[in-house]
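Structure first, commentary second.
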Amino acid sequence: MKKTIPHNFEYHQYLRKILRKWEPKSSLFIATEKDFSKEEVLTYPYRSSFYAFGLMHADKCELQVGVNTYEIRAKSLTVVGPDIVRNWILNDWETPNTTVFFTADYFKKPLYNNFLLDYDFFKIGAQHVLHLSDNEYNNVNELLKLLSKSQNSPSVGAGILFSILEYINNIYPKHSQNQKLSKYGRLTKKFTQLLYEHYRNEKNVQFYADTLSITAKHLSDVVKQITGDSAKQAIDKLVIFESKSLLKQTELDIKEIVYWLGYEDPSHFSRIFRKHIGLSPSEYRNKG
């Protein structure tokens, strides 16, 4: 298998291509709905190399991250870390929002950026959309206003950004599904986390069932009851989601993508892809 790493949207590339912002001065950029270019909207799943979080001021759109689709309404906060594939759905890019994009090197001494690795909300498998209370929304919104005013003073801005992230970290456990899940919900979440870790190499439901010490049938029944998809459907859904990003966002040839996703036979993958999308991988890549 070829060891080819998928490309990300790099921070500056994303700002230039999507937000039409040339030569940003720092590793932090705060965007509103006025900054998103309708001509360059992303209609496919994509991954990026930077951190992002956004506060929605009005209704509504949807965001898919991996196998989960979130409804984003007014006063929702989205949080997505680097290398996580996401896809904006039902989004006209005009809904009022404040979105922060930044890279780890925005934080200089005495703030060392390794603290970012401790935030669960930036990790794959996290709860990527938080529906804030009025008080939480107001607090985050006021901090974002302070951050906007401090963009030309990175040392001050870094402190404010750190405070925002710490505030999110403080309220995150209350919003995380872990606090609300039933026994079957917790089992489904464990399966989903395993899936994110192993989907490239493990496509068989039995692997996940064995890891969770249950039967494959019980796992599929539980996942179906909680999500509406069987365990096998969830595996295929994540593989197809990732493949759509690779086909649209990279120049890797289809065989390289197939091998990276853990398949040895490109024709077998093509049949799976067509079954779900209605197009061959090459047709999807070339579709406008």
*asked:* Is it the case, given these coordinates, that residue 229 is within 21 Å of residue 187 (Cα to Cα), charged (D, E, K, R) and not in a loop (DSSP other than H, G, I, E, B)?
replied: no
*May I ask you to list the residues in region 232-261 that are among the acidic types (Asp, Glu) and in a helix (DSSP H, G or I)?*
236, 242, 256
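Collect the residues in region 32-83 that are closer than 15 Å to residue 137 by Cβ and aliphatic (A, V, I, L, M), keeping them in residue-number order.
Of all residues in region 32-83, those closer than 15 Å to residue 137 by Cβ come to 53-60, 72-79.
Residues satisfying the conditions are 55, 56, 58, 72, 74, 77, 79.
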*Run residue 47 past the list (1) over 27 Å from residue 153 (Cα atoms); (2) buried (at least 19 other Cβ atoms within 10 Å of the Cβ); (3) touching a His at 6+ places or on another chain (Cβ under 7 Å) and report the number of the one that doesn't hold.*
(3)
*So which pairs qualify, if the first residue must be in region 234-261 and in contact (Cβ under 8 Å) with a residue 12 or more places away in the chain and over 30 Å from residue 222 (Cβ atoms), the second must be surrounded by fewer than 20 Cβ atoms within 10 Å (Cβ to Cβ) and of a type in the set (A, V, I, L, M), the Cβ gap must be under 6 Å, and the two must be at least 6 apart or on different chains?*
259/1
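Would you be able to tell me the number of residues in region 160-179 that are at pLDDT below 95, part of a helix (DSSP H, G or I) and surrounded by 12 or more Cβ atoms within 10 Å (Cβ to Cβ)?
Residues meeting the conditions: 4.
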*Residue by residue through region 42-57, note down the ones that are closer than 30 Å to residue 133 by Cβ and in a strand (DSSP E or B).*
48, 51, 52, 53, 54, 55, 56
*Name every residue in region 120-159 that is part of a loop (DSSP other than H, G, I, E, B) and under 23 Å from residue 63 (Cα atoms), in order of residue number.*
123, 124, 125, 126, 127, 128, 132, 133
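Collect the residues in region 62-75 that are in contact with a Phe, Trp or Tyr (Cβ under 8 Å, 6 or more places away or on another chain) and crowded, with 20+ Cβ neighbours inside 10 Å, keeping them in residue-number order.
Of everything in region 62-75, those that are in contact with a Phe, Trp or Tyr (Cβ under 8 Å, 6 or more places away or on another chain) and crowded, with 20+ Cβ neighbours inside 10 Å turn out to be 63, 66, 67, 75.
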*Tell me, please, whether a residue that is over 26 Å from residue 46 (Cα atoms), hydroxyl-bearing (Ser, Thr, Tyr) and part of a helix (DSSP H, G or I) can be found in region 180-198.*
yes
*asked:* Given the options 88, 93, name the one that is assigned to a loop (DSSP other than H, G, I, E, B), in the same structural domain as residue 21 (by TED's automatic domain parsing) and of a type in the set (Phe, Trp, Tyr).
replied: 93
*Checking residue 160 against (1) outside the structural domain of residue 127 (by TED's automatic domain parsing); (2) in contact with a helix residue (DSSP H, G or I) (Cβ under 6 Å, 6 or more places away or on another chain), which single condition isn't satisfied?*
(1)
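The values are calculated or read from the model by the stated rules, or taken from the named source; none is laboratory data. Treat the numbers as computed from the prediction; the structure is a model and nothing was measured. Note: ideal-geometry Cβ built from the backbone for every residue, glycine included; neighbour counts use all protein chains shown.
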